[in-house]
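Input: a single structure, listed below in structure tokens.
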Amino acid sequence: MHPIERLRFVARATGYPADVIVAEAARALASFSDDPHGLVTACRRLVSRQPGSAPLVWLCARVLCASDARKEIRRVLVELDEDTTAATLSHALPDGATVVVLGWPELISEALPRRGDVEVLVIDTLGEGSGLVRRLLEADVDAVDVPLAGLGAAVAEADLVLLEASAVAPAELMAVSGSRAAAAVARHAAIPVWAVAGVGRFLPERMWTPMRAAVLSDDPWDIDDEMIPLDLIDAIVGPAGVQTVAEALRRTDCPVAPELFKGNIL
């Protein structure tokens with residue numbers, strides 16, 4: 001694929017796993033590695049067209065701040081390829097647990113089929129839950145399709161709530177709509193909530209603030225994602241295992257690239 005066409009594909013892509021989009025973006029950006037102005041423009045375009053992608057912000061910030069953009073892109077691709085978050089989560093799940101998930105989370109859905117001893121209550125957020133239920137049943141995992149109206153009851157019956165974080169900031173994380181309600185019910189019922197955050201999901205405040213502003217609208221109840229305070233999260237699961245929130249935040253490795261968000265004051 002021609003570099004410009006690859007860039008256009010990534011800018012318009014929807015419905016693809018985050019790691020696929022970021023890998024394609026990295027390959028597209030490699031073509032601009034010897035053109036600093038073109039590289040900045042390409043990164044801005046990607047981030048503006050995919051405003052809710054923390055991994056894209058992470059990729060672009062690392063490339064823009066690197067002394068050798070091409071080498072940094074290769075490092076990013078290796079880190080994405082070696083992300084063990086799904087395997088780590090699979091091993092960490094309590095034996096025989098009943099877990100709640102929302103929608104069709106990428107990393108969580110990869111981990112669950114490896115554990116035939118768990119029961120999964122899938123909240124049908126954004127109309128995606130039934131598809132995940134079918135996949136889990138085909139993998140001999142006990143799964144139940146729960147309508148959104150049953151979220152509170154499902155959480156109250158669970159042993160664990162799993163929320164997949166599309167971005168993690170110092171005080172909050174972003175996850176699919178319904179996650180905040182699930183976390184709040186779980187906290188009231190003393191049920192643990194684990195956020196699952198793979199490579200590239202952690203952003204420092206100065207990169208999170210403009211990204212958050214780009215995602216939120218005047219009617220936050222109409223968007224697909226929402227913000228969940230980290231004080232509702234008991235642990236964060238990533239390549240390093242199940243960690244406290246404070247421990248996991250130390251994984252933040254996204255540099256600050258002020259030029260990435262044109263028109264935003266960082």
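Throughout, read-outs are computed from the coordinates displayed, never taken from laboratory work. Only a predicted model underlies this, so the values are computations on that prediction, with no experimental measurement involved. Every residue, glycine among them, receives a Cβ derived from its backbone with ideal geometry; neighbour counts consider all protein chains shown.
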Do any cysteines in the chain lack another Cys Cβ under 4.7 Å, and if so which?
65, 254
Rounded to the nearest 10, the angle in degrees between the Cα long axis of helix 129-138 and the longest principal axis of the Cα atoms of the chain comes to 70 degrees
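Between residue 70 and residue 171, 0.36 nm times their residue separation minus their Cα-Cα distance comes to what?
Difference between extended and current length: 33.1 nm.
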Ellipticity estimate at 222 nm from DSSP helix runs (n ≥ 4, -39,500 (n - 2.57)) divided over the chain, nearest 500:
-13000 deg cm²/dmol
Relative to the longest principal Cα axis of the chain, at what angle does helix 3-12 sit, 0 to 90 degrees, rounded to 10?
40 degrees
per DSSP, antiparallel bridges as share of beta bridges in the chain, % nearest 5, sits at 35 percent
How many nm separate the modelled label positions at residue 34 and residue 135, each set 7 Å beyond the Cα in the direction of the Cβ?
4.1 nm
For residue 262, net neighbour charge (Lys/Arg +1, Asp/Glu -1) across residues whose Cβ lies under 14 Å away
+2
Other residues with Cβ under 15 Å from the Cβ of residue 156 give, with Lys and Arg +1 and Asp and Glu -1, a net charge of -2
What share of all Cα pairs of the stretch 16-157, in percent, falls into each consecutive 5 Å distance bin?
2, 10, 17, 15, 13, 11, 11, 9, 7, 4, 1, 0
The relative contact order of the chain, taking Cα pairs under 8 Å that sit 6 or more residues apart, comes to a percentage of 20 percent
Here FRET efficiency (C-beta to C-beta, residue 149 to residue 214, R₀ 35 Å, nearest 0.05) is 0.70
Two-site label geometry, residue 20 and residue 92: point separation in nm, points 7 Å out along Cα→Cβ:
2.6 nm
If we count every other residue with Cβ under 10 angstrom of residue 87's Cβ, Lys/Arg +1 and Asp/Glu -1, where does the sum land?
-1
List every residue whose amide H lies under 5 Å from the amide H of residue 119, counting only residues 5 or more places away in sequence or on a different chain, with H placed 1.01 Å from N in the peptide plane.
97, 98, 99
